[in-house]
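What follows is calculated from the coordinates using simple rules that are stated; it is not laboratory data. In this text the structure is predicted, and so the values were computed from the model without any measurement. Virtual Cβ from ideal backbone geometry, glycine too; neighbours counted across all protein chains shown.
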Amino acid sequence: MSFNYGLRPGVIHHVALTNTNSTATGTFASTTEYVRVCSDSDVHINFGAAPVATATSIFIPADQPEIFKVSPNHKCACIGSSGNKISVTEMGA
């Protein structure tokens, strides 16, 4: 399936989970409006200035990329099984 939202990719955050604790990306740039999140396994994510992801946070199924509107200078927290690889790409107009 192809997606074309007319957004420009920026910084790519790669999150490799080593346990079942919530792990956050670096801080998004002040120009970031959206992020694209994809994962090789089922994960849960949360956004905020100091986010914590839990089993009740936003569910992202494996191999199903999603785009979210976010606030600049926030982060994305991820939780899943050890060995999960999550990609969070900052996107802007």
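Label sites at D63 and T27, each approximated as a point 7 angstrom past Cα along Cα to Cβ, lie 3.8 nm apart. If R0 equals 30 Å, the separation of the Cβ atoms of A55 and V11 corresponds to a calculated FRET efficiency of about 0.60. Considering only L17, A53, N73, the residue lying farthest towards the positive end of the dipole of the chain is N73, judged by Cα position with unit charges set on Cβ.
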